[in-house]
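A short worksheet on the structure shown next.
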Amino acid sequence: MFNNPACYSFKKWLPFAALSGFAIAGLMDISAARAADTRDVSEPTTPDACTTLTAAGTDATSTIQDALNACPTGQAVKLVASDSNSAFLSGPITIPSDRSLIIDKGAVLQAVNNAAAFDKGSNTCGTLNSDGKGCNALITLKNASNSGIYGEGTIDGQGGVELSDKGTTWWQLAADAKTQKNKQNAPRLVQIDNSQNITLYKITMKNSPNFHVVFKKGNGLTAWGVTIDTPSTARNTDGIDPISSQNVTVANSNISTGDDNVAVKANPDTGASRNMSFLNNTFGAGHGMSIGSETKDGVYDIHVNTLTMNGTTNGLRIKSDKSASGEVARVYYDHVTMNDVKNQIVMDTVYENKSGSTQANWHDVYYNDVCSTTKGAVILNGTNASSTLTPTMTDVNLAEGTTWTLINAIITK
């Protein structure tokens, strides 16, 4: 329980009489063991370096790639700063199975500010269209296992730097896409597909042109001591997005960004997301600890334990709509504190009000020991739910003046 005088008791400030359709549905026991990552996860150990490359401030794409390809299994290529330079300029690189990349403290892997370097072959990278899939990521791991990115150095996507071949920045392109109701073709920072046992350890990532880390259709991701630091104004710069994956742990990390700090998704026809732990993290700017908006294939067994959120737009959020809703079950939020969070708890089944025929089936969602030091809003909108939303709230202490909106929703206690 938080001993914070700015936190008010759930019973005192929950406006029972003011809420249409509100009811207390009875006591429930939430003492059952929390579902989470099924692996035995501990602090990673940095692998030995097979070779060390020294920064020269020039394009090092092929040098890094050749070194990774030649590195013996179980070892890593290490990038270090020189006395006069810290930057390794790079286009897309791929980390193979059983190899890793170490970016030493003071060294920076910096994306080249040229859209053509990331183009997949359709000449659409750096443009707007209806697809948004025209760019390779800066770092890709595909069908890989036992690989990772280590070190206290930095990966800089240069999202706010003018592209030499486009006369605009990645972030301006994203803003233009919103205005023109289109999609931007911009590279992600780290894309991990169909991979197992991948590690991100102590690395700093910033200024991504698009999402920072995507873990899609994988089994086993550990992000430990990771820092993501990108301005709140940079559109579509999600922090870490596990998609249709299982066994994910994000621990002891600090994430500030321009979109979801974390977004757990289950895209249509790509498989469920399940067994994930988010432990002892701090979020700054961003759109929150999110599930969705794609939940069609199901999201199960998610545990958020010990999370501090400072200035985050949304706090604990589950979101979807008619286009991609599905089942979300066995979600546990324990020991969460929020400061200056606008929307503290959100369950929104009509997030973008898109058309479709899917419905949200969200159940067994538990909030325990959740505190906010400043007033905000709780929004439980079950308009597109197949049954009434019934989250369980125990020791939920939100500041006086917090507003509560419940539509087709009942809070159990």
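The values are calculated or read from the model by the stated rules, or taken from the named source; none is laboratory data. Since the structure is predicted, the reported quantities are computational estimates derived from the model, not experimental observations. Note that we place each Cβ from the backbone using ideal geometry, even for glycine, and neighbour counts take in every protein chain shown. For the accessible areas, the whole protein counts, side chains as well, though only heavy atoms, and no ligand, DNA or RNA atoms are used. Shrake-Rupley method; radii C 1.70, N 1.55, O 1.52, S 1.80 Å.
Details
- Scanning the stretch 352-386 for residues that are among the hydroxyl-bearing types (Ser, Thr, Tyr), open to solvent by 60 Å² or more (accessible area, probe 1.4 Å) and modelled with pLDDT of 95 or more yields Ser357, Thr383, Ser386.
- Evaluating Gly167 against the criteria (1) touching a residue at least 40 places away in the same chain (Cβ under 8 Å); (2) assigned to a loop (DSSP other than H, G, I, E, B) leaves one unmet condition, (1).
- Qualifying position, being under 29 Å from Pro92 (Cα atoms), surrounded by 24 or more Cβ atoms within 10 Å (Cβ to Cβ), in contact (Cβ under 8 Å) with a residue 40 or more places away in the chain and not small (Gly, Ala, Ser), among Pro231, Pro209: Pro209
- Check on Thr73, touching a helix residue (DSSP H, G or I) at 6+ places or on another chain (Cβ under 8 Å) and either surrounded by fewer than 22 Cβ atoms within 10 Å (Cβ to Cβ) or of a type in the set (Val, Ile, Thr) (or both): no
Listed here are the residues, each with its yes/no results for (1) aromatic (Phe, Trp, Tyr); (2) within 26 Å of Thr383 (Cβ to Cβ); (3) surrounded by fewer than 24 Cβ atoms within 10 Å (Cβ to Cβ).
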position: Asp297; (1), (2), (3): no, yes, yes
position: Tyr300; (1), (2), (3): yes, yes, yes
position: Asn305; (1), (2), (3): no, no, yes
position: Asn314; (1), (2), (3): no, yes, no
position: Arg317; (1), (2), (3): no, yes, no
position: Glu327; (1), (2), (3): no, yes, yes
position: Tyr333; (1), (2), (3): yes, yes, no
position: Thr337; (1), (2), (3): no, no, yes
position: Val341; (1), (2), (3): no, yes, no
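- Test: residue in the stretch 257-267 that is open to solvent by 20 Å² or more (accessible area, probe 1.4 Å), at pLDDT below 95 and either assigned to a loop (DSSP other than H, G, I, E, B) or over 24 Å from Thr374 (Cα atoms) (or both): yes
- Residue within the stretch 180-190 that is part of a strand (DSSP E or B), within 17 Å of the chain's Cα centre (by Cα) and under 19 Å from Thr249 (Cβ atoms) present: yes
- The stretch 157-170, residues that are open to solvent by 20 Å² or more (accessible area, probe 1.4 Å) and within 26 Å of Lys202 (Cβ to Cβ): Gln158, Gly160, Val161
- Within the set Ile95, Ile139, Ile103, the sole residue that is over 17 Å from Asp59 (Cα atoms) and surrounded by 17 or more Cβ atoms within 10 Å (Cβ to Cβ) turns out to be Ile95.
- Count of the stretch 159-180 residues which are more than 13 Å from Asn236 (Cβ to Cβ) and either modelled with pLDDT under 95 or in contact with a helix residue (DSSP H, G or I) (Cβ under 7 Å, 6 or more places away or on another chain) (or both): 4
- When Asp156 is tested against (1) more than 24 Å from the chain's Cα centre (by Cα); (2) within 19 Å of Val226 (Cβ to Cβ); (3) charged (D, E, K, R), exactly one condition is not met: (1).
- Conditions (1) in contact with a Ser or Thr (Cβ under 9 Å, 6 or more places away or on another chain); (2) over 21 Å from Asn305 (Cα atoms); number of the one not met by Ser387: (1)
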